[in-house]
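The values are calculated or read from the model by the stated rules, or taken from the named source; none is laboratory data. Since the structure is predicted, the reported quantities are computational estimates derived from the model, not experimental observations. FYI the Cβ positions are ideal-geometry reconstructions off the backbone, even for glycines, and counts take in every protein chain you see. The accessibility values were calculated without ligands, DNA or RNA, using every heavy atom of the protein model including side chains. Shrake-Rupley method; radii C 1.70, N 1.55, O 1.52, S 1.80 Å.
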Amino acid sequence: MEDDKVNVVAASLSPSRLRQTGTTPDYRFSLANERTFLAWLRTALALVAGGIAIAQFLPPLRTEGLREGIAGVLLLLGSACAVRAVLHWAACERAMRQGKDLPVSRFPTVLAILVAVGAVGLLVLVLTGTFSA
Amino acid sequence: MNRPPRDPGAQPERTRLAWRRTLLAATVLGLLAARGVIVEDTGPRQVTLIALLALTWLALLIVSHRRIRALATDRPVTLPWLAALGAVGVVLTLAVLAVLTMVV
């Protein structure tokens, strides 16, 4: 796993290394991998947009800095999504070239849990009246 | 011209549309961020930020259109590394600019 990460960084520094490994897979699989990558990028964009929307449209909260904190967490999650998208895309591409199994990842689970916990947390804030001025 | 039979899964078309959707999402995000910049004040700092947002969006426009044109063949090549890094760079830059729209 750690080894993979290092290889990805090395591959990004010399892109030809990714192409040299193994054999070129069926172009349809590469395109499917590309679309997954783009779907993750859109997830990242949606999280960033959520952060901007919070900062712009939520009135200042009773707790100082809470609004900016929520926006900041969403922006960080979006950035993490974008970085992970390209790392996972490269790892899948390399696995396909080498005829190995596609890499598994905990990231989608972790993101889903974070979003769920965040949503429940916001619900608690709404119900306890933290959002009402 | 002797063309191979069309891919019944329409993979290149679907991938082209995925790039369009991504560009569209980034456009909405850029407009939302730009709105936040100018809604209260329009000074030199705001103009700079709008220009940076526009340049970042333009970068994604170029990356996606180059890729869309590259996909307009029957057997498109794998997404180049630079295009993938460019697209991710645009998203990260937009996140950084979003932080700046909150502080200016």
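Structure above, values below:
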quantity: Portion, in percent, of the accessible area of the protein assembly as shown that falls on carbon or sulfur, probe 1.4 Å; calculated: 66
quantity: Accessible surface buried upon A-B contact (total; probe 1.4 Å; Å², nearest 100); calculated: 3200
quantity: Net charge dipole size for the protein assembly as shown [Lys, Arg +1 and Asp, Glu -1 on Cβ; Debye, nearest 20]; calculated: 760
quantity: Where Rh is the Kirkwood radius over Cα pairs, Rg/Rh for region B:14-103; calculated: 1.07
quantity: Positions from region A:52-91 whose accessible area shrinks by 20 Å² or more when the full protein complex is built, not the chain alone, probe 1.4 Å; calculated: A:Ile52, A:Ala55, A:Gln56, A:Phe57, A:Leu75, A:Ser79, A:Ala82, A:Val83, A:Val86, A:Trp89
quantity: Those residues of region B:80-102 for which accessible area with every protein chain present is at least 40 Å² below the isolated value (1.4 Å probe); calculated: B:Trp81, B:Val88, B:Val91, B:Leu92, B:Ala95, B:Met102
quantity: Proximal charge balance of A:Ile54 [Cβ under 12 Å; K/R count +1, D/E count -1]; calculated: 0
quantity: Viscosity 1.306 mPa s, temperature 10 °C, Stokes-Einstein D of the protein assembly as shown from Kirkwood C-alpha radius, µm²/s; calculated: 81
quantity: Probe 1.4 Å, accessible area per residue of region B:28-72, Å²; calculated: 61
